[in-house]
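Student: Just passing along the structure, written as structure tokens.
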Amino acid sequence: MDTPAIRAADAAPVSTGTIDGRMRARVERADSIAPHGYLTPEAAFGDVERGNPLPYTLPLETRRAAGLERDTWLLEVVAGPESDAKIERPLTRAAGTALSFEGLMRLAEHHAVQYLKGVTCNNIGEPLGMGLWEGVPLREVLWLAQPVENVRRVYYYGYHNDDPDQMFQSSLAIGRVFEDPPGELPVLLCYKLNGEFLTGKRGGPVRMLVPEAYGFKSVKWLQRVVLTNDFRANDTYGLSNNDIDSPMKTFARFSQVPERAKAGNPIPIAGLAQVGVSGLAKVQYWLHLADAPLPADDPNLTRGDWRDAEILPAPHDWGGGLPAGPLPGTPLQFDATTGRPRSWPLRYTVAHWSATLRGVAAGAYVLRCRSVDLNGIAQPMPRPFAKSGRAAIQEVTLLVEE
């Protein structure tokens, strides 16, 4: 196959909103994570990074003093000072009761879980990576603080240079933390990715991980959790007109399309699909001549000549730096006896797809791909709005020559 020529889809800078200019967002990503296989190696993950300087770039002694190393990390769990939330045993640095990494590992002996999850930025239309994450459900730590009453929301904060203008924060409803609907995954205090302890670049020693959410909910360099009776969210991304309650959307993207092809020859194409909250039933493609008019009354391109691609099955070798064969441990989405996923594709992960174009005559073409969810709804619906996750239909050009 020729070298792919993929248009960057929906790429947009992440707004820093009304936060002081000393806070910055930096986006680094490859055109596609597909060449890495199903699990993305830690070093190949794309990043949306905040902090000036970035916390993991600080000198070692500064990181140790700030609790950014495993042997110095501490997590506080307290009641909001402006709230009437009541907890019996706050976990604080001052009282010497804050949770250490060693204490988290003791909890992990009985409560550690793993699951597969893809990471995507709310405002970037490409997955940043897919990983096998490990951690302790957040609720196990919150129960250590013995919450009693008047708790409606969980606020949580990452380390950003002890600068209030750089502080990155997010929040969840208390019900989402303490109770998982059947088949749902827990919110994690995450400390491993693909079997290895998190690096600073990946948000270590410990980060939040919210399975159904976009990346801004999974705050890096976690250090403080506040239980509050305030019903209002406090998410940094909310300051930039982002929908902070939007679960991940289902969408398809190209990863391999030849720039040029010969008329009459089979033309292989391939791509990724992010599997959002509504699941994934199909990936489809549509090839048409570049000068063919599109109906003005069909903005979502529902009347195109869409054809089904093949969604590839779960692999036997997952990649991501892990040994070949079954995944270590048993992720929550997997059957403990067979070591295989209970269903496929898995929600909140990334699946691969492929197709072959046949009998294509010479000409200049536009090629599009889209997903269809388990409700039978085709991308970009049911939530086509920007700022709640990118899901526009991707298009690339293809020149077929005699």
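Student: So, in region 264-311, how many residues would count as being under 25 Å from residue 184 (Cβ atoms) and among the hydrophobic types (A, V, I, L, M, F, W, C)?
Tutor: 8
Student: Return the residues of region 278-318 that are basic (Lys, Arg) and within 23 Å of residue 268 (Cα to Cα); say none if nothing qualifies.
Tutor: 282, 307
Student: Further question: What's the total number of residues in region 11-65 that are farther than 15 Å from residue 161 by Cβ, modelled with pLDDT of 95 or more and either of a type in the set (Ser, Thr, Tyr) or in the same structural domain as residue 354 (by TED's automatic domain parsing) (or both)?
Tutor: Qualifying residue count for the region: 2.
Student: For region 374-385, name all the residues that are of a type in the set (Gly, Ala, Ser) and surrounded by fewer than 17 Cβ atoms within 10 Å (Cβ to Cβ).
Tutor: Once the filter is applied, which keeps residues that are of a type in the set (Gly, Ala, Ser) and surrounded by fewer than 17 Cβ atoms within 10 Å (Cβ to Cβ), region 374-385 yields only 376.
Student: Name the single residue, out of those in region 254-294 being under 15 Å from residue 356 (Cα atoms) and of a type in the set (S, T, N, Q), that is surrounded by the fewest Cβ atoms within 10 Å (Cβ to Cβ).
Tutor: 265
Student: Given the condition among the hydroxyl-bearing types (Ser, Thr, Tyr), modelled with pLDDT of 95 or more and closer than 23 Å to residue 268 by Cα, answer yes or no: does some residue in region 342-354 qualify?
Tutor: Among the residues of region 342-354, at least one is among the hydroxyl-bearing types (Ser, Thr, Tyr), modelled with pLDDT of 95 or more and closer than 23 Å to residue 268 by Cα, which makes the answer yes.
Student: Ok, one more. Could you please tell me which pairs satisfy a Cβ distance under 8 Å, a separation of 6+ or placement on different chains, a first residue in region 255-269 that is under 27 Å from residue 127 (Cα atoms), and a second residue that is at pLDDT 95 or above and exposed (fewer than 13 other Cβ atoms within 10 Å of the Cβ)?
Tutor: 260/401; 267/356; 267/358; 268/356; 269/356
Student: Counting only residues that are over 14 Å from residue 101 (Cα atoms) and not in a loop (DSSP other than H, G, I, E, B), how many does region 190-207 have?
Tutor: Here the count works out to 2.
Student: Could I ask something else about it? Could you check residue 211 against (1) more than 17 Å from the chain's Cα centre (by Cα); (2) part of a loop (DSSP other than H, G, I, E, B) and say which number it fails?
Tutor: The one condition residue 211 does not meet is (1).
Student: Search region 315-362 for residues being more than 17 Å from residue 35 (Cα to Cα) and touching an Asp or Glu at 6+ places or on another chain (Cβ under 7 Å), and hand back the single one that is surrounded by the most Cβ atoms within 10 Å (Cβ to Cβ).
Tutor: 348
Student: Can you say whether residue 298 is of a type outside the set (S, T, N, Q), outside the structural domain of residue 118 (by TED's automatic domain parsing) and surrounded by 12 or more Cβ atoms within 10 Å (Cβ to Cβ), as far as the supplied structure shows?
Tutor: no
Student: Then there is this: Residue 355: among the small types (Gly, Ala, Ser) and under 22 Å from the mean Cα position of the chain (by Cα), yes or no?
Tutor: Considered against the rule, which asks whether it is among the small types (Gly, Ala, Ser) and under 22 Å from the mean Cα position of the chain (by Cα), residue 355 comes out as no.
Student: Further, regarding this structure: Considering region 371-383 alone, what residues qualify as being over 21 Å from residue 310 (Cα atoms) and either charged (D, E, K, R) or at pLDDT below 95 (or both)?
Tutor: Of everything in region 371-383, just one residue is over 21 Å from residue 310 (Cα atoms) and either charged (D, E, K, R) or at pLDDT below 95 (or both), namely 383.
Student: Please tell me if residue 263 is modelled with pLDDT under 95 and assigned by TED's automatic domain parsing to the domain that holds residue 355.
Tutor: no
Student: On to the next question. Select, from 371, 388, the only residue that is assigned to a loop (DSSP other than H, G, I, E, B), of a type in the set (S, T, N, Q) and surrounded by 15 or more Cβ atoms within 10 Å (Cβ to Cβ).
Tutor: 388
Student: Here's something else I'd like to know. In region 219-334, which strands (runs of 3 or more DSSP E) lie fully inside it and hold 1 or more residues that are within 23 Å of the chain's Cα centre (by Cα)?
Tutor: 222-228, 251-256, 267-274, 282-289
Student: Is it true that some residue in region 143-164 is part of a loop (DSSP other than H, G, I, E, B), at negative phi, among the aromatic types (Phe, Trp, Tyr) and at pLDDT 95 or above?
Tutor: Within region 143-164, one or more residues are part of a loop (DSSP other than H, G, I, E, B), at negative phi, among the aromatic types (Phe, Trp, Tyr) and at pLDDT 95 or above.
Student: Still on this model: Taking residue 344, is it of a type in the set (Phe, Trp, Tyr) and assigned to a loop (DSSP other than H, G, I, E, B)?
Tutor: For residue 344, the condition - of a type in the set (Phe, Trp, Tyr) and assigned to a loop (DSSP other than H, G, I, E, B) - is met.
Student: Let me ask something else. Does residue 365 qualify as being among the hydroxyl-bearing types (Ser, Thr, Tyr), crowded, with 16+ Cβ neighbours inside 10 Å and assigned to a strand (DSSP E or B)?
Tutor: Considered against the rule, which asks whether it is among the hydroxyl-bearing types (Ser, Thr, Tyr), crowded, with 16+ Cβ neighbours inside 10 Å and assigned to a strand (DSSP E or B), residue 365 comes out as yes.
The values are calculated or read from the model by the stated rules, or taken from the named source; none is laboratory data. Fair warning: this is a prediction, and the values are worked out from it, not measured in the lab. Counting neighbours? That spans all protein chains shown, and the Cβs are built from the backbone with ideal geometry, glycine included.
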